[in-house]
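Visitor: Quick one: this structure, given as structure tokens, is what I'll be asking you about.
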Amino acid sequence: MRLLSSVFILFLFGCNNNKCTQIAKTNSSTYTIRIPLTEIANNDFIESAEYIFLDQEYLIGKIGRMLFYNNDVYIHDEMTGRIVVFSNKGKYLYSIDNKGKGPLEYYKLTDFTIDKSNGNVLIYDQYSHKVISFSTIKREFVKEHKIEFYPSALACTSDRLYFYNPFTSNYPREEKYHYSLITTSPQLKDEKRYFKVGEKIGNFMSDPNRKGFFYGNGLYLLNRFGNDIYSLNGDSISVNCKILFENNEDYLSALNDAIEKGTRNTLRYKKCAADIRDFCETTNHISFRYMRNNKQYSVVYSKKENEIIAHEANYIATSPLLMKRNIPIYLFPSNVTNDSFVSTLPFYCIDQIIHNEKVLNEMDTHMTDKHLLKKLKTVDENSNPILVFYKFKTKLK
Amino acid sequence: MIKYIIRTFVLILLGSTVLFGFLYFKERNIFDLYRIKHTQESNQLKAVGEGLRGLVLNSLVYNNTEISFPKVKKQADYTFCLFISENQCSTCVNAAVKYYLSNRKAIPDSNFLILANYNTNALRYLKAEHQLKCKIISTYGTNINIAENKSPCFFIYNKETAKTEMFLFPLKKESEMIKAYFEKIRDKYFI
């Protein structure tokens, strides 16, 4: 009994300590993914794929941010600075376009997000430093808010609006906050808030050249100087995913060396696994890409089985095995819905297949979905990219 | 000596009159077209007149020239073309494309072709920005001999003679004239 009570007292005291709180949190919500040096090249991890051919009524220049809301697909056309809305079957619905320098107009659409509480599309105009709301119900611009900082991306959860502010010229002099991330209420009414600098979250600044936020089951932010993914929830930020690469002990020192030299283009840095991108998370899986030895590797991790089901340098694949299951081509995903991974197949990927007689013959032999095959053959350089919704297996056989 | 100078001067004058007269009659259709504008408000006449001189000269230079026209499947006898290039100012290109888009009903889509001296990316941007659904051929890397031209231009390509006709270098803010030009093209070639 004495022993039991002393263990209980020790437990209580122990949990008041910050370190313990941190560990408990890490255990409850953090995924640790260990990436080996060896590749797992097996196309058998794909359970199913659905190919959506986007309507040719609207020709997309270059797909940027893509969000899914109410069975519709919202695509930022980076070339033309418009947001184009398609149904989940690929039918063109409308485009959001109001370029200008006047009220309720935008000049440089930098990023957009969707406030799911009211169905408003929030557009950030980096030129006029304002956020404009477009009502998807009324299909018109409804309001705008000026902001006094210069973020490069914005994202929204049910109760918070986040700005990713990587340009250090905007930072105040205090060093106790991460000024690269700012949060406000979605209405932009309250004071902007910062996140405290602390050991727990380290330096989560992302690369200014990237979009900053990743969507999935939640909202995520990538660490710039490390291989951790952070999860944003209300006013808190926590490590969601730790990615540990085998034989990557030199990473931090190589990174410091690269920072000192002012370039990541060093032999030491290139040998390390780094530069995680396209992080996507669904209920059962996590996928991302990273760079090592000038190669781009893609990883698919099963959360349920805690195992890597795909890890390969080649991120575009076609094989008789896939064809038999009516998956003519696989391209690594760069977007995600709640339950599917999404990749955008551009013409140059399809071109390699439809102009290769051998592959085309194999497709004719193996594919049973002749309608899909026929549609694939009609794709040309003027066509919009094809959206492919993948579902992955939770376990490899 | 003075007589010799006068005689030479008169000869040059006569020669140039004959030459330009010949060119004028050849291009009288275009002159007819431009006259439409002259009937409009008098305060605009001066500006229009100055612009027209440039336009007419350009048209004279480029009309009836043989061009290395790209191979087109099922080419009609006359193809109405818009030539645009990366060397041209983007405002002029945008204006020319908008002229086409606003007058496109006059010309069947199958008879219209955009020759674009653009690289792949720039071409994709152009198509996406204006949502162009007509036939576009990239002349990037080819020696099409109107490529040095600093302004976008419309013209008819005659398959039989392999020469250009009815050149027009559209003037900014002259939408009425462009409309008339499209109608003229339709009446002459596509009805």
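Any read-out appearing in this document is the output of simple, stated calculations on the displayed coordinates, not a laboratory observation. The model shown is predicted, which means the values in this text are computed figures rather than measured ones. When we count neighbours, we look across all protein chains shown, and the Cβ atoms used for this are built from the backbone with ideal geometry, even at glycine.
Visitor: Once phi is turned into ³J(HN,Hα) by the Karplus curve 6.51 cos²θ - 1.76 cosθ + 1.60 with θ = phi - 60°, what whole-Hz value does each residue of segment A:51-64 show in order, with x for glycine and proline?
Guide: Running phi through 6.51 cos²θ - 1.76 cosθ + 1.60 with θ = phi - 60° gives 9, 10, 8, 6, 3, 7, 4, 10, 8, 8, x, 8, 6, x Hz.
Visitor: Using all C-alpha to C-alpha distances in segment A:279-397, build P(r) with 10 Å bins and read off the rounded percent in each one.
Guide: 13, 40, 35, 12, 0
Visitor: If you average 1/r over all unlike Cα pairs in chain A and invert the result, what Kirkwood radius do you get in angstrom? Let's see the in-between values first.
Guide: Values: mean 1/r = 0.0434 Å⁻¹.
Evaluated on chain A, it is 23.1 Å.
Visitor: Which of A:Thr263, A:Thr184, A:Thr283 moves the most in a Gaussian network model of chain A with Cα springs under 10 Å?
Guide: Most flexible of the set in this elastic network: A:Thr263.
Visitor: Among the listed pairs A:Lys375/B:Lys71; A:Lys176/A:Lys303; A:Lys303/A:Lys358; A:Lys242/B:Lys127; A:Lys99/B:Lys188, which have their C-alpha atoms separated by more than 32 angstrom in this model?
Guide: Working: A:Lys375/B:Lys71 27 Å; A:Lys176/A:Lys303 34 Å; A:Lys303/A:Lys358 37 Å; A:Lys242/B:Lys127 43 Å; A:Lys99/B:Lys188 39 Å.
Flagged as over cut-off: A:Lys176/A:Lys303; A:Lys303/A:Lys358; A:Lys242/B:Lys127; A:Lys99/B:Lys188.
Visitor: Straight-line reach from B:Lys184: which aspartates and glutamates have a Cα under 15 Å away, not including same-chain ones fewer than 8 places off?
Guide: In chain and number order, the partners are B:Glu27, B:Asp32, B:Glu165, B:Glu176.
Visitor: In addition: Net charge near B:Asn121, counting Lys/Arg +1 and Asp/Glu -1 over other residues with Cβ under 13 Å of its Cβ? Display every interim value, and only then the final one.
Guide: Values: positive: A:Lys62, B:Arg124, B:Lys127; negative: A:Glu78, A:Glu381, B:Glu86, B:Glu129.
That works out to -1.
Visitor: Counting only C-alpha contacts under 8 Å and six or more residues apart, can you give the relative contact order of chain A as a whole percent? It would help to have the intermediate numbers written out before the result.
Guide: Working: 798 pairs, mean separation 60.0, N = 397.
The value is 15 percent.
Visitor: Net charge within 11 Å of A:Lys99 by Cβ-Cβ distance, Lys/Arg positive one each and Asp/Glu negative one each, not counting A:Lys99 itself?
Guide: On the way: positive: A:Arg82, A:Lys101, A:Lys108; negative: A:Asp97, A:Glu105, A:Asp125, B:Glu129.
Local charge sum for A:Lys99: -1.
Visitor: Using R₀ = 60 Å, calculate the FRET efficiency as 1/(1 + (r/R₀)^6) where r is the Cβ-Cβ separation of B:Ser90 and A:Lys395; round to 0.05.
Guide: Details: r = 54 Å, r/R0 = 0.90.
In this case the efficiency is close to 0.65.
Visitor: Could you run the Karplus curve 6.51 cos²θ - 1.76 cosθ + 1.60 with θ = phi - 60° over segment A:97-107 and give me ³J(HN,Hα) per residue in whole Hz, x for Gly and Pro?
Guide: Each residue's phi maps through the Karplus curve to give 8, 8, 6, x, 10, x, x, 6, 10, 10, 10 Hz.
Visitor: Mind telling me which of A:Thr80, A:Thr183, A:Thr113 comes out most flexible in a GNM of chain A, alpha-carbon contacts under 10 Å?
Guide: For chain A, modelled as a Gaussian network with Cα springs under 10 Å, the answer is A:Thr80.
Visitor: Can you spot the aspartates and glutamates whose alpha carbon is less than 13 Å from A:Lys89's alpha carbon? Ignore those fewer than 8 places along the same chain.
Guide: Here the aspartates and glutamates satisfying the reach criterion relative to A:Lys89 are A:Glu50, A:Asp55, A:Asp72.
Visitor: Could you tell me the center-to-center distance, by alpha carbons, between segment A:342-357 and segment B:60-92 in angstrom?
Guide: Using only Cα atoms to place each centre, the spacing works out to 31 Å.
Visitor: At a Förster distance of 25 Å, what's the computed FRET efficiency of A:Lys324 paired with A:Thr378, Cβ-Cβ distance as r, to 0.05?
Guide: Working: r = 22 Å, r/R0 = 0.89.
FRET efficiency, A:Lys324 to A:Thr378: 0.65.
Visitor: Hey, can you list the DSSP H helices of chain A whose Cα span along the axis is 20 Å or longer and whose average Kyte-Doolittle score is at least 1.0? Write out the running numbers ahead of the final one.
Guide: Working: long enough: A:2-16 (22 Å, 1.65).
Helices meeting the criterion: A:2-16.
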